[in-house]
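J.: I have a structure I would like to understand better, so I am pasting it below and will then ask my questions one at a time.
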Amino acid sequence: MKSNKVKAFYLFVLLMVGTVGCDNNVLIPKPPTHLMVDLPAHSYKPFKDSTNYTFEMSKLWNVRFNFANRDSLILYLGKQIDGDLHFQYFKIDTANTLAKLINQTFAKIDYHKIKAKQMIDTSFILKDKRVFGTLYEYVGNSATNYQFYLTDSTTHFVRSELLIRRTPNYDSLQPTLHYIRKDLVHLINTFEWKKQ
């Protein structure tokens, strides 16, 4: 008789587990999603509002601030990307030597290297326009994913960094960052110093 009660108990437990397991409203965790940004084909417009340099920039970009007295500016990369490209211009002289400006740039670059898994640098030597510089790409969850500097090595120096208003998540930002990289390379290749 005791074994019949045990069998009945196990049968009851089995039926309860079976009925609870048949619930159609079972919650299944969703995999993490990534940012989907639909960006148009690359197209460019000239930027000539500086007293010392010109370049072509993406048609998505607009000038947010132009500090004409310092010839520095902030470019807004559009609402789809929601980021800024900061430009700082320096005149090379006895107070701001080329070595000092490059060392300051390296200090800024090193500051963001901590969060990056890898850093890729691309050198640009455009002898005919006297534009020399390096583009730094941070692979990983750093606050800035691109920085670059350009100089003519005697008179002009420009430092720039990209800041996106999103939590650094390299995996989700990667398609957007590859899109921006193409625009940055175009900007650098079309960069020219104005004749004084």
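The values are calculated or read from the model by the stated rules, or taken from the named source; none is laboratory data. What you see is a predicted model; the values in this text were computed from it and never measured. So basically every Cβ, Gly included, is an ideal-geometry build from the backbone, and we count neighbours across all protein chains shown.
J.: List every residue pair whose Cβ atoms lie under 7 Å apart, where the two residues are 6 or more positions apart in sequence or sit on different chains, the first residue falls within the range 160-175 and is over 19 Å from HIS42 (Cα atoms), and the second residue, located anywhere, is of a type in the set (S, T, N, Q) and not in a helix (DSSP H, G or I).
T.: Matching pairs, first to second residue: SER160/GLN147; GLU161/THR144; GLU161/GLN147; LEU163/THR144; PRO168/ASN141; PRO168/SER142; ASN169/ASN141; TYR170/ASN141.
J.: Still on this model: Out of everything in the range 52-70 that is crowded, with 19+ Cβ neighbours inside 10 Å and of a type in the set (A, V, I, L, M, F, W, C), what residue ends up being nearest to PHE157 (Cα to Cα)?
T.: PHE55
J.: Next question. I'd like the residue in the range 33-66 that is in contact with a strand residue (DSSP E or B) (Cβ under 7 Å, 6 or more places away or on another chain) and of a type in the set (A, V, I, L, M, F, W, C) and, out of all such residues, is modelled with the lowest pLDDT.
T.: Ranking the candidates gives PHE65 first.
J.: Listed residues LYS129, LYS91; which is modelled with pLDDT of 90 or more, in contact with a His (Cβ under 8 Å, 6 or more places away or on another chain), within 24 Å of LYS194 (Cβ to Cβ) and surrounded by fewer than 19 Cβ atoms within 10 Å (Cβ to Cβ)?
T.: LYS91
J.: Further, regarding this structure: Please find, among LEU135, LEU73, LEU27, LEU39, the residue that is aliphatic (A, V, I, L, M), more than 29 Å from LYS195 (Cβ to Cβ) and either under 18 Å from the mean Cα position of the chain (by Cα) or surrounded by 18 or more Cβ atoms within 10 Å (Cβ to Cβ) (or both).
T.: LEU39
J.: Still on this structure, I have one more. Quick check on my filter: what residues within the range 101-126 are over 18 Å from GLU161 (Cβ atoms) and modelled with pLDDT of 90 or more?
T.: Passing the criteria: ILE125, LEU126.
J.: Can you list residue pairs whose Cβ atoms sit under 8 Å apart, with the first residue in the range 64-83 being under 24 Å from ARG166 (Cα atoms) and the second being among the acidic types (Asp, Glu) and not in a strand (DSSP E or B)? Count only pairs 6 or more apart in sequence or on different chains.
T.: ASN66/ASP49; LEU73/ASP49; GLN80/ASP38
J.: Residue pairs, Cβ under 6 Å, 6 or more apart or interchain, first in the range 121-142 and more than 15 Å from ASP171 (Cβ to Cβ) and touching a residue at least 60 places away in the same chain (Cβ under 8 Å), second surrounded by 12 or more Cβ atoms within 10 Å (Cβ to Cβ) and of a type in the set (Asp, Glu). List them.
T.: Correct list of pairs: LYS129/GLU192; ARG130/ASP152.
J.: How about the range 140-196: which of its residues are of a type in the set (S, T, N, Q), under 26 Å from LEU98 (Cα atoms) and crowded, with 18+ Cβ neighbours inside 10 Å?
T.: THR144, ASN145, GLN147, THR151, SER160
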